[in-house]
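Beneath this line is the structure, given in structure tokens, with notes to follow.
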Number of protein chains: 2
Amino acid sequence: MITREEHEEAQRYAAGRLEEAGIVLTDEERASIEVADMGLGRLRETGLQLLVYVNTERCCAKELVLFPRQTCPEHRHPPFQGTPGKEETFRCRRGLVYLYVEGKPTPTPACQPPPGEYTVWHEIVLRPGEQHTIPPNTLHWFQAGPEGAVVSEFSTTSRDELDVFTDPRIERAPAVSD
Amino acid sequence: MITREEHEEAQRYAAGRLEEAGIVLTDEERASIEVADMGLGRLRETGLQLLVYVNTERCCAKELVLFPRQTCPEHRHPPFQGTPGKEETFRCRRGLVYLYVEGKPTPTPACQPPPGEYTVWHEIVLRPGEQHTIPPNTLHWFQAGPEGAVVSEFSTTSRDELDVFTDPRIERAPAVSD
């Protein structure tokens, strides 16, 4: 759980970073920025901020904003309703994002994840203008560089509540306490 | 057909507008910007410039760039391979775009299309930060405002060669002559 104050501060941070990236939002969108602390209550370490543009029964687009060195913990998007699960492309817009996916472990990875369960270590570095597509139902996690990151996500339908996290303590539902 | 010079000029225009919008591209992407004159050879009137970020068997994301008052002519995305056809969301980033879709005709539409076949007249104005989702297999066309436009498109799989244009003269394949 994070406090309402932390929640609002994270929303303001995300809105500011999106504006710096030249992305125009409506007032309603700014107010709808989702802050996901993954149930750990240590938002600056583990979590992310998201703005969902569209999420239909077929496709989805979001902006993701990360604090410096903030980590989105390891998870996969399982099959559901006859689909193979969510396929997603991450495109870095600002800052730097280190993406870790299944495959040959990178010998000296650039990131140290926060305490938790991390099992995939194939590192892909995304700078602004660079992107990577993650197949459905494959493990991945990512961490922003020292200046944070803005990342566009283009994907099939998003069903965040179905995400399977490697760390059993993680809860994807956003949580705010007063 | 447009000349190679017109093609390169349109690519440079699109790259410049994307840069102004804060969108970082790789050199390879800049060189891959597609210029579609729709086979009419009157690019400034009818056509558009596109950058495809990703187009998998499930979803797709592009940036569209239009010259001032440039029109993408009326078309629909028909069903294919057991899918209902392409569903697309247009999100205006810069400039202004007038979108015309099926529905009650707008009494005094803001746009005059170039010569051709135009049958749907329900007008939706998109300013930066505004978006609209177009169901598959429904007719639509759009025209940029007086300062041109940058529009992000989030969609299911794109198969441009299957598009059905109302004007039988239209050919979607990009064409360049020397």
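Here are the numbers for the structure shown:
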quantity: Selected residue [of a type outside the set (D, E, K, R) and either within 14 Å of another protein chain (Cβ to nearest Cβ) or open to solvent by less than 30 Å² (accessible area, probe 1.4 Å) (or both)] from B:HIS122, B:HIS132; calculated: B:HIS132
quantity: Those residues of region B:61-94 which are in a strand (DSSP E or B), of a type in the set (S, T, N, Q) and farther than 16 Å from B:HIS132 by Cβ, in sequence order; calculated: B:THR71, B:THR83
quantity: Hits in region A:91-104 (condition: basic (Lys, Arg) and either away from chain B (no Cβ under 13 Å) or open to solvent by less than 30 Å² (accessible area, probe 1.4 Å) (or both)); calculated: A:ARG91, A:ARG93, A:LYS104
quantity: Checking B:ALA144 against (1) within 13 Å of chain A (Cβ to nearest Cβ); (2) open to solvent by less than 50 Å² (accessible area, probe 1.4 Å), the condition it does not meet; calculated: (1)
quantity: Failed item, numbered, when A:ASP163 is tested on (1) more than 14 Å from chain B (Cβ to nearest Cβ); (2) of a type outside the set (Phe, Trp, Tyr); (3) touching a Ser or Thr at 6+ places or on another chain (Cβ under 8 Å); calculated: (3)
quantity: Selected residue (criterion: farthest from B:VAL52 (Cα to Cα)) from residues of region B:17-35 that are open to solvent by 70 Å² or more (accessible area, probe 1.4 Å) and free of Cβ contacts under 8 Å to residues at least 12 places away in the same chain; calculated: B:GLU19
quantity: Filter result for B:GLU88 (open to solvent by less than 20 Å² (accessible area, probe 1.4 Å) and within 13 Å of chain A (Cβ to nearest Cβ)); calculated: yes
quantity: Boolean, A:HIS77 is surrounded by 15 or more Cβ atoms within 10 Å (Cβ to Cβ), touching a Gly at 6+ places or on another chain (Cβ under 6 Å) and within 14 Å of chain B (Cβ to nearest Cβ); calculated: yes
quantity: Filter pass, B:LEU25 being farther than 23 Å from A:CYS59 by Cα, within 12 Å of chain A (Cβ to nearest Cβ) and part of a loop (DSSP other than H, G, I, E, B); calculated: yes
quantity: Matching residues, region A:39-54, being out of contact with any Lys or Arg (no Cβ under 6 Å at 6 or more places or on another chain), more than 10 Å from chain B (Cβ to nearest Cβ) and either open to solvent by 10 Å² or more (accessible area, probe 1.4 Å) or in a loop (DSSP other than H, G, I, E, B) (or both); calculated: A:GLY39, A:LEU40, A:GLY41, A:ARG42, A:LEU43, A:ARG44, A:GLU45, A:GLY47
quantity: Scan of region B:107-118 for residues that are in contact (Cβ under 8 Å) with a residue 24 or more places away in the chain and open to solvent by 80 Å² or more (accessible area, probe 1.4 Å), ordered by number; calculated: B:GLU117
quantity: Filter result (among the charged types (D, E, K, R) and touching a Pro at 6+ places or on another chain (Cβ under 8 Å)) within region B:143-162; calculated: B:GLU147
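The values are calculated or read from the model by the stated rules, or taken from the named source; none is laboratory data. As the structure is a computational prediction, the values presented were derived from the model and not from experiment. Every residue, glycine among them, receives a Cβ derived from its backbone with ideal geometry; neighbour counts consider all protein chains shown. The protein model used for the area step is the full one, side chains on, heavy atoms only, and it has no ligands, DNA or RNA in it. Shrake-Rupley method; radii C 1.70, N 1.55, O 1.52, S 1.80 Å.
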